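**Student:** Please read through the structure below; I'll follow up with questions.
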Amino acid sequence: MSAASPLLRDVFGFDGFRPGQQAIVEAVTAGQNVLAIMPTGGGKSLCFQLPALLREGVTVVVSPLIALMRDQVRGLQEAGVSAGALTSANTPEENDAVWAAMGAGELKLLYLAPERLASGGTVPMLRRAGVSLIAVDEAHCVSQWGHDFRPDYLRIGALRQALNVPLAAFTATADAETRAEIVEKLFDNHAPETFLHGFDRPNIHLAFSAKNNPRQQILTFAGARRGQSGIVYCGTRNKTETLSKGLADEGHNACFYHGGMDPDDRRAVETRFAREDGLIVVATVAFGMGVDKPDIRWVAHADLPKSIEAYYQEIGRAGRDGGPAETLTLFGPDDIRLRRSQIDEGLAPPERRAADHARLNALLGLAEALGCRRQLLLGYFGETSEPCGHCDLCETPPDVFDGTTAVRKALSAILRTEEWFGAGHLIDILTGTDTDKIRQRGHDSLPTYGVGTEYDRRQWQAVFRQMMGHDLVRPDPERHGALRMTDTARPILRGEAEISLRRDTLSRAATRRPAAR
Ligand code: ADP
Ligand code: ZN
């Protein structure tokens, strides 16, 4: 990419590409349809800004956040690039200036708020302006099921068709479903060139802990990081308030943030967090998109996040500046129940709910992992890696036992029921439980029926979760979350490999709610 390197230095001031950027820049510049999945902070903007300069005509950039758009436009203008934005925050004069620059054929990048696409005049005007590329930032906003859904994003597909130019979509959301939805809505189901890279954030230390006096666990974690900016994510609004008070009582500079607060109060917290050093924000996930403080030194989860993607996004807010950052995620049986009921009581259709359960399961697998957490996390996103040496499990490997027999029994139950059932029913089979479903399906006559009475239900649940963590089984969203065996499990089933399981999660599961702790 020799043509790009002088621009990379002269316009953007970078010495080289970050991992993954060059291939994306080349594909976009060549006019291919591209879907690039890059983590937040990975350097997405360059991947459409540089091609915009290398290509003839105007590049339209659709972006959901006005503040970020204005930021980028300012940055480009300072670097001598002709760029403008059309947003609802513009004055009529600003709009006129943008249209004039475009009419004169000077503009290289036009940032566009999605709402603009709803007004009838926009598309014809863009057609006359000589648009040669559409870039879509935060492309997951087309997903109706994500909490960032922006209805106007659904108009981008029609824009692409009207202009008949290549489209490059960017998102940090890596799960397969959202990807499929982006391909459907933005590319009319024609598979774009897809790139996935750079999910590793090596400066972030990863750790999970089973809940055991969780309030104290958070206070201890924050206490060891006094004076540093941090976020504590909680599962409920109420808890953000009580925990924030608990932190304040210990002398921390802490406040809370949730969706039930008045917009002005929320904005006040956002502003304080951006400006002050060492503020702790105790928040629900409402504190999210748009938080781009670079020096957040830690993120703690007082409750288990709702999915592995949410976990990744939330811990990813720490250490954007590349400096050391620490995370701690607490989990317990109550979280699993809370998250499951949030999914079940949500408005999503059944197939969506099954997929959400599967994403939660993937996170549970990570929580109860045996080997390197980073390796498992990156593997979920499709990246292969070596053990990281910078997570709690690399530092302190857990106590394990030979779980081969238990796993074989579980796999056998899965296969004998043709991979059509979830853990609950499989556990009924293994423990020889008599239910209507068992009798209706004739599963009481399976050879596997009742072969697993050495463990109780909770212990089997721990076995299944760990099997997911090892990627021996995967919930299939197309089968309502039924567990299916992966190729990784075959050697174990055939007796060619053994498998270790964590002892702690199993014995914890066996302890029925200790009376006092
Ligand atoms: P995001 O993927 O979140 O949109 P940005 O495009 O804002 O990320 O980039 C994140 C940061 O990385 C920015 O500060 C940007 O200047 C920097 N950056 C991007 N590409 C490079 C590069 N090739 N070399 C050095 N810094 C880069
Ligand atoms: Zn590790």
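No lab work stands behind these numbers, since they all come straight from the coordinates. If you're wondering where the values come from, they're calculated on a predicted model, not measured in any experiment. Cβ coordinates were reconstructed from backbone atoms using ideal geometry, including for glycine residues, and neighbour counts include every protein chain displayed.
**Student:** Grab the chain and count how many Lys pairs have their alpha-carbon atoms under 19 Å apart, sequence gap of 8 or more, or different chains.
**Tutor:** 5
**Student:** Now a separate question. Describe numerically, in nm with one decimal, the distance between label points set 7 Å from Cα along Cα→Cβ at residue 15 and at residue 30.
**Tutor:** That separation, rounded to one decimal, is 2.9 nm.
**Student:** Okay, helix-only estimate at 222 nm for the chain: each DSSP H run of n ≥ 4 adds -39500 (n - 2.57), divide by all residues, round to 500 deg cm²/dmol; what do you get? Provide the component values of the computation, followed by the final result.
**Tutor:** Working: 22 runs with 218 residues, N = 517.
For the chain, the value works out to -12500 deg cm²/dmol.
**Student:** Right, another one. How many nm separate the modelled label positions at residue 161 and residue 496, each set 7 Å beyond the Cα in the direction of the Cβ?
**Tutor:** Once both label points are built, they end up 4.9 nm from each other.
**Student:** On to the next question. Subtract the Cα-Cα distance of residue 99 and residue 341 from 0.36 nm times their separation in residues, and report this length gain in nm to one decimal. Working shown, then result.
**Tutor:** On the way: separation 242, 0.36 × 242 = 87.12 nm, distance 5.02 nm.
Roughly 82.1 nm would be gained on extension.
**Student:** Once you have the alpha carbon radius of gyration of the chain, what is it after dividing by 2.2 N^0.38 Å, with N set to its residue count? Please report the intermediate quantities before stating the final value.
**Tutor:** Numbers: Rg = 25.1 Å, N = 517, 2.2 N^0.38 = 23.6 Å.
The chain yields a ratio of 1.06.
**Student:** Indicate the gyration tensor shape class of the stretch 38-166 (rounded, prolate or oblate), computed on the Cα atoms with a ≥ b ≥ c the square roots of the eigenvalues: a/c under 1.5 is rounded; otherwise a/b larger than b/c is prolate and the rest oblate.
**Tutor:** Details: a/c = 1.38, a/b = 1.17, b/c = 1.18.
Cα axes put the stretch 38-166 in the rounded bin.
**Student:** I need the GluC sites (Glu not before Pro) found in the stretch 400-498, filtered to DSSP loop residues with at most 11 other beta carbons within 10 Å of theirs.
**Tutor:** Of the GluC sites (Glu not before Pro), the ones in loops of the stretch 400-498 whose Cβ has at most 11 other Cβ atoms within 10 Å are 418, 496.
**Student:** Cut-off is 10 Å between beta-carbons; in what order do 465, 9, 441, 155 appear when sorted fewest neighbours first?
**Tutor:** Numbers: 465 24, 9 12, 441 16, 155 21.
Placing the least packed residue first, the sequence is 9, 441, 155, 465.
**Student:** Within 11 Å, Cβ to Cβ, of residue 242, how many net charges do the neighbouring residues add up to if Lys/Arg are +1 and Asp/Glu are -1?
**Tutor:** On the way: positive: 215, 237, 239, 245; negative: 241, 249.
Surrounding charge for residue 242 is +2.
**Student:** What is the helix-to-structure angle for 263-275, meaning the angle in degrees between its Cα long axis and the longest Cα principal axis of the chain, kept from 0 to 90 and rounded to the nearest 10?
**Tutor:** 90
**Student:** Near residue 474, within a Cβ-to-Cβ distance under 12 Å, what is the net charge of the other residues, with Lys and Arg +1 and Asp and Glu -1?
**Tutor:** Working: positive: 359, 479, 484; negative: 419, 471, 476, 478, 487.
My count for the surroundings of residue 474 gives -2.
**Student:** Scan around residue 400 for amide H atoms under 5 Å from its own, H built in the peptide plane at 1.01 Å from N, and keep only partners 5 or more places away or cross-chain.
**Tutor:** 503
**Student:** Give the long-range amide H neighbours of residue 30: residues separated by 5 or more places, or on another chain, with amide H under 5 Å away, using H modelled in the peptide plane at 1.01 Å from N.
**Tutor:** Excluding prolines and chain starts, which carry no amide H, there are no hits.
**Student:** Rounded, prolate or oblate: which fits the stretch 1-62 when a ≥ b ≥ c are the square roots of the eigenvalues of the alpha-carbon gyration tensor, with rounded for a/c under 1.5 and prolate only if a/b beats b/c?
**Tutor:** Values: a/c = 1.44, a/b = 1.03, b/c = 1.39.
Rounded shape, in that the Cα axes give a/c under 1.5.
**Student:** For the stretch 404-479 and the stretch 183-256, write down the distance between their C-alpha centroids in whole Å.
**Tutor:** The two parts, judged by their Cα centres, are 33 Å apart.
**Student:** Per residue of the stretch 373-383, in order, report the coupling 6.51 cos²θ - 1.76 cosθ + 1.60 (Karplus, θ = phi - 60°) as ³J(HN,Hα) in whole Hz, putting x for Gly and Pro.
**Tutor:** Coupling constants for the stretch 373-383: 5, 5, 4, 5, 4, 5, x, 4, 8, x, 9 Hz.
**Student:** For the chain, find the longest principal axis of its Cα atoms and tell me its angle to the long axis of helix 457-469, 0 to 90°, nearest 10.
**Tutor:** With both axes taken from Cα atoms, the answer is about 40 degrees.
**Student:** Also, quick follow-up: Among 487, 334, rank each residue by its count of other Cβ atoms within 10 Å, from fewest to most, as a rough exposure measure. Numbers along the way, then the final one.
**Tutor:** Working: 487 8, 334 13.
Sorted ascending by nearby Cβ count, the order is 487, 334.
**Student:** How do 280, 66 line up, fewest other C-beta atoms within 10 Å first? Mind showing how you got there, number by number?
**Tutor:** Working: 280 27, 66 17.
If I rank by nearby Cβ atoms, fewest first, I get 66, 280.
**Student:** Now a separate question. Give me the net charge of residue 131's neighbourhood, meaning all other residues with Cβ under 12 Å from the Cβ of residue 131; Lys, Arg count +1, Asp, Glu -1.
**Tutor:** On the way: positive: 55, 108, 127, 128, 160; negative: 56.
Overall, the nearby charge balance is +4.
**Student:** Taking amide hydrogens as modeled 1.01 Å from N in the peptide plane, which residues meet the under 5 Å criterion relative to residue 205, leaving out close sequence neighbours?
**Tutor:** 325, 326, 327
**Student:** Taking square-rooted eigenvalues a ≥ b ≥ c of the alpha carbon gyration tensor, is the stretch 199-320 rounded, prolate or oblate, where a/c under 1.5 means rounded and, failing that, a/b exceeding b/c means prolate? Numbers along the way, then the final one.
**Tutor:** On the way: a/c = 1.23, a/b = 1.08, b/c = 1.14.
The shape class here is rounded.
**Student:** Evaluate the charge dipole of the stretch 118-201 about its Cα centre and quote only its size in Debye, nearest 20, assuming +1 on the Cβ of each Lys and Arg and -1 on the Cβ of each Asp and Glu. Please list the in-between numbers first.
**Tutor:** Details: 8 positive and 11 negative charges, 94 e Å.
Result for the stretch 118-201 is approximately 460 debye, rounded to the nearest 20.
**Student:** Mind pulling the angle between the C-alpha long axis of helix 404-416 and the longest principal axis of the chain? Nearest 10 degrees, somewhere in 0 to 90.
**Tutor:** So the inclination is approximately 70 degrees.
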